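The values are calculated or read from the model by the stated rules, or taken from the named source; none is laboratory data. Keep in mind that what you see is a predicted model, and the values were worked out from it rather than measured. Reconstructed Cβ throughout: ideal geometry from the backbone, glycine too, with neighbour counts over all protein chains shown.
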Amino acid sequence: MDTKEMYAQMGISNEVYEYGEKIIEKLRPRFDEIDRIAEFNQAKVLSAMQKNRVNAAHFAATTGYGYNDGGRETLERVYADTFHTEAALVRPQITCGTHALAVALSANLRPGDELLSPVGRPYDTLEEVIGIRDSIGSLKEYGVTYRQVDLLPDSSFDYDGIRAAINERTKLVTIQRSKGYQTRLTFSSEMIGELIAFVKSIKPDLICMVDNCYGEFVQTIEPSDMGADMIVGSLIKNPGGGLAPIGGYICGTAKCVEQCAYRLSAPGLGQEVGANLGLLPSFYQGFFLAPTVTAGALKGSIFAANVYESLGFRVVPNSTEPRYDIIQAVELGSPEGVIAFCQGIQAAAPVDSYVTPVPWAMPGYDAEVIMAAGAFVQGSSIELSADGPIRPPYAVYFQGGLTWFHAKTGILMSLQKMLDAGLVSL
Ligand SMILES: *Cc1c(COP(=O)(O)O)cnc(C)c1O
């Protein structure tokens, strides 16, 4: 049996397979470039592990307080050396990306300080952390104010607006690298570097924090190479490599990370406590695999962009733009399109493939949402996943794939479902 027949057995027709192959043929040079980035990043992670003499003793489980956890301390050195920062906090006690960001913000801000976002509205969940939407325990409740400068219509930074917004109370600048669920550009590390240089030229002691979610290992440099004082992210996205079952990281200056450690545990305890509960093998191995896993996900999103753009759909980023995160938006133009796409992604999953996702009224959203995910780690978005609100322009947000071949299968299956529903013709 050949590959085409194998796909046919899974329900992907020859017609869909051939359509995909034609697109992939044209993407070879781009995929080669992604492989070169992954190769560089693999060496970066590997060197950090060798430098820190990672050994089997570091994989041992600790419980209780977790004092003298050499495995935990070494993992944090590996992260710090990979991202070229003085220090790192990498913990299973950080429950998700939002938690990591909340820790980084609340640890480094004090009552009376002001937080500035010079890149417009932050990710949804951060609105409640900050208090843009009233929420129990928000920064606003603790007397931290917030100011925002929106991007200009072409997604560039409003330097005049930013200069005017910085005042004597401005303490911390938060910069979100990924567009998240907005339609702006995702920023490269270089663009973030320019923004950081600008704000620091106005007020040198500003703390610059970058929400690095979905951006890790997409380039050979990270925002921490470009002047960020902290980079923050989730281990069930890129840096967990699909193996970490929970966790978050904060890498940055020794001073900022120390503040975070005291905030995460308790004043007086700091970085010295926090048992690893036996999760370190997955953290180490996941980080080791992360450059390759990220490359696979990136190929998947570029493939999706090219397939759907060729069929006349608007895709963000488009088929040729450079990429700085792994998220792909496809505007399918109808509720049926969003549903068929997501059902295809679900049908291609290794877990729960037999489940049919349907739109539902998710708390906190103003429209029904459909989600496709058949992941080994619940909610993991480095694994192949898609979701979209059922409202114009009927966009789905697609990301992940632990391997390029799985991402490819998911996209082919989505195309098959679209074709079966009469929504496209090849
Ligand atoms: C995913 C994400 C977050 C929040 O992460 P959770 O793990 O879902 O809490 C924050 N910012 C951006 C840009 C993200 O993509």
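Here are the numbers for this structure:
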quantity	calculated
Matching strands (runs of 3 or more DSSP E) fully within the stretch 334-426 where at least 3 residues are closer than 14 Å to Gly300 by Cβ	395-399
Enumeration of residues in the stretch 79-93 that are assigned to a loop (DSSP other than H, G, I, E, B) and either away from the ligand (no atom under 16 Å from the Cβ) or farther than 15 Å from Pro245 by Cβ (or both)	Phe83, His84, Thr85, Glu86
Criterion (out of contact with any Pro (no Cβ under 7 Å at 6 or more places or on another chain), on the phi < 0 side of the Ramachandran plot, at pLDDT below 95 and away from the ligand (no atom under 15 Å from the Cβ)) met by exactly one of Asp150, Asp124, Asp154	Asp154
Hits in the stretch 94-111 (condition: of a type in the set (D, E, K, R) and within 11 Å of the ligand (Cβ to nearest atom))	none
Tabulated pairs, the stretch 114-138, first assigned to a loop (DSSP other than H, G, I, E, B) and hydrophobic (A, V, I, L, M, F, W, C), second at pLDDT 95 or above and within 12 Å of the ligand (Cβ to nearest atom), C-beta under 7 angstrom, 6+ apart or interchain	Val119/Ile175; Val119/Gln176
Condition check for Lys237: of a type in the set (Lys, Arg) and within 16 Å of the ligand (Cβ to nearest atom)	yes
Looking only at the stretch 201-222, and only at residues there that are surrounded by fewer than 24 Cβ atoms within 10 Å (Cβ to Cβ) and either in the same structural domain as Ser381 (by TED's automatic domain parsing) or part of a loop (DSSP other than H, G, I, E, B) (or both), the one that is nearest to the ligand (Cβ to nearest atom)	Gln219
Qualifying residue in the stretch 250-259 (condition: outside any helix (DSSP H, G or I), of a type outside the set (Gly, Ala, Ser) and within 16 Å of the ligand (Cβ to nearest atom))	yes
Test set (1) within 16 Å of the ligand (Cβ to nearest atom); (2) within 18 Å of Ala102 (Cα to Cα); (3) in contact with a strand residue (DSSP E or B) (Cβ under 8 Å, 6 or more places away or on another chain); (4) not hydroxyl-bearing (Ser, Thr, Tyr) - Asp229 fails condition number	(1)
Any hit, the stretch 377-395, residues being surrounded by fewer than 20 Cβ atoms within 10 Å (Cβ to Cβ) and within 18 Å of Ile12 (Cα to Cα)	no
